[in-house]
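Accompanying notes for the structure given below.
The values are calculated or read from the model by the stated rules, or taken from the named source; none is laboratory data. None of these values were measured; they are calculated from a predicted model. Cβ placement follows ideal geometry from the backbone for every residue including glycine, while neighbour counts extend to all protein chains displayed.
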Amino acid sequence: MKILFLFPLLLISCKQPSPEIIIPKKYKIGESFDFKVTGLETNEEYELVARKTDNFDREWLSKATFKADDFGQINLSNSTPIKGTYEKKDLYGLFWSMTMTEELGDDWTAPEPIDFSTINFSLVRTMDTLGSVSTRQYTIPQGIETETLNDQIVAKIMRPSNYEQPLPAIILLGGSGGGLSWASRMGALLADEGYATMALAYFNEEKLPKNLAQIPLEYIENAINELIRKNYIDENRIGILGYSKGAELALLMASRNSEIKCIAAIAPGSAVFQGFKPPKFPVLSSWSLNGEDLEFVPNAYDKRFFETYDGMYLWYRTLSQHDKVEKASIPVENIHGDILLVSGVKDKIWPSTYMSEQIISRLNIAKFENNYEHIALPFAGHGIAEPPGHPTTSLSSRLGGTAYGNAKAREVVWESLKNFFNRSLNTNKEAL
């Protein structure tokens, strides 16, 4: 006799999980992170909408529609939008493609990056919001010690809060806007990478010249010496980073000071040029030494410029003064270390790619013995000296390049800077 054992059939419920937007609650601008949406119906379309408010209380918005994959997920690193404010797979796409929701005229004020921004992401399907989450994007990293100098020298010195050995140092020089804004932001981010950094103002701050004209090189020398005297600085590992006119100044200082062991110049000039002193714009050098103007290239104004105010026309006309350019060219062959040049081919402020190639040519002729490189970014303009993560949609009309080109250029610039200083200053972040 056979005995049959009948086992009940267990029915397992396969309930669809709820949609979830996965992104860190906070992150440092420029760093990679996981950003995805899970719990979706496979192969169905969903829209992600990003919003933030800038320091002028204006709303910025971006959006992109995706199709969920076979696992019911959207991974922002490798998912191509079906439609939206950007077109290609891009982790930072929803960040850089933000535009203001209100129409403004040509004279609107660009937002100033602040210590952190809160960005809200919403998941939408057929007009229904399925969920939302916020992340805090830090422009100034947490855990950085800052010393402010505001006497003979106007600067901020930043360093990691924990370190076990003398630190390599980087001096940062911003461009024709003056002040400390750009240098402070970049200085804080580089300090978080394991450096002591000095964000140095050289005009347009209290106690400093108002205009970018006849800036004494002695002031920069004194600032470098002040930094080197700090007991936590390794005086044998000093670098310098400059942007735009600050890159012109950085190249000039590196060619004169053997303490500087490497230089990175973003959108640089190749010579000493005329200063900027409105409203009458006297013919003065940007820089001085011992109370005298350094040899400089004067602006080649003509009738056409005053009819069109075409800045690039003026710059190429100025650079066509070959004898004056030769006399005022920065002697980059005297630099005592590695050189990194980065430029945007579509730069609308000045021809930084052309001038970078002039610098490279001079180094080639001199058979420069240290490492040197020029990275020319084909679809980028002048606004490339920030880490990826800020909107780039407002840069093209003023500074050149495309929104996508500038966004991708910022990724290249940030990684190139980190690699360059790590290699040239032998940074050991593990020791922090």
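Does any residue of region 21-33 turn out to be modelled with pLDDT under 95 and within 21 Å of Val124 (Cβ to Cβ)?
Checking region 21-33: not a single residue is modelled with pLDDT under 95 and within 21 Å of Val124 (Cβ to Cβ).
Which one is farthest from Ser356 (Cα to Cα), of the residues in region 232-253 that are assigned to a helix (DSSP H, G or I) and of a type outside the set (Lys, Arg)?
For region 232-253, the residue satisfying everything is Met253.
Residues of region 363-403 being basic (Lys, Arg) and in contact with a helix residue (DSSP H, G or I) (Cβ under 6 Å, 6 or more places away or on another chain), which ones?
none
Run Ser424 past the list (1) over 30 Å from Arg237 (Cβ atoms); (2) in contact with an Asp or Glu (Cβ under 7 Å, 6 or more places away or on another chain); (3) touching a residue at least 40 places away in the same chain (Cβ under 8 Å) and report the number of the one that doesn't hold.
Among (1) over 30 Å from Arg237 (Cβ atoms); (2) in contact with an Asp or Glu (Cβ under 7 Å, 6 or more places away or on another chain); (3) touching a residue at least 40 places away in the same chain (Cβ under 8 Å), the lone unmet condition for Ser424 is (1).
Quick check, is Ser329 of a type outside the set (A, V, I, L, M), assigned by TED's automatic domain parsing to the domain that holds Glu248 and either at pLDDT 95 or above or over 16 Å from the mean Cα position of the chain (by Cα) (or both)?
yes
To keep it simple, each residue is scored yes or no on (1) in contact with a Lys or Arg (Cβ under 6 Å, 6 or more places away or on another chain); (2) surrounded by 16 or more Cβ atoms within 10 Å (Cβ to Cβ).
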site: Thr353; (1), (2): no, yes
site: Ile359; (1), (2): no, yes
site: Asn364; (1), (2): no, no
site: Asn370; (1), (2): no, no
site: Glu386; (1), (2): yes, yes
site: Arg398; (1), (2): no, no
site: Ala403; (1), (2): no, yes
site: Lys408; (1), (2): no, yes
site: Val413; (1), (2): no, yes
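Which count do you get for residues in region 222-240 that are touching a helix residue (DSSP H, G or I) at 6+ places or on another chain (Cβ under 8 Å) and either over 22 Å from Gln165 (Cβ atoms) or not assigned by TED's automatic domain parsing to the domain that holds Ile339 (or both)?
Going through region 222-240 one residue at a time, the tally reaches 0.
Collect the residues in region 34-67 that are closer than 30 Å to Asn419 by Cα and surrounded by 15 or more Cβ atoms within 10 Å (Cβ to Cβ), keeping them in residue-number order.
Selection gives Phe35, Lys36.
Considering region 275-332 alone, what residues qualify as being surrounded by 12 or more Cβ atoms within 10 Å (Cβ to Cβ), part of a strand (DSSP E or B) and free of Cβ contacts under 8 Å to residues at least 60 places away in the same chain?
Result: Val297, Ser329.
With the checklist (1) part of a helix (DSSP H, G or I); (2) of a type in the set (Ser, Thr, Tyr); (3) closer than 20 Å to Gly269 by Cβ in hand, flag the one item Ser184 doesn't pass.
Condition not satisfied by Ser184: (3).
What number of residues within region 393-431 are out of contact with any Gly (no Cβ under 7 Å at 6 or more places or on another chain) and modelled with pLDDT of 95 or more?
18
Name the pairs whose Cβ atoms lie under 6 Å apart, with the first residue in region 149-162 and outside the structural domain of Gly178 (by TED's automatic domain parsing), the second assigned to a loop (DSSP other than H, G, I, E, B) and buried (at least 17 other Cβ atoms within 10 Å of the Cβ), and 6 or more positions between them or separate chains?
none
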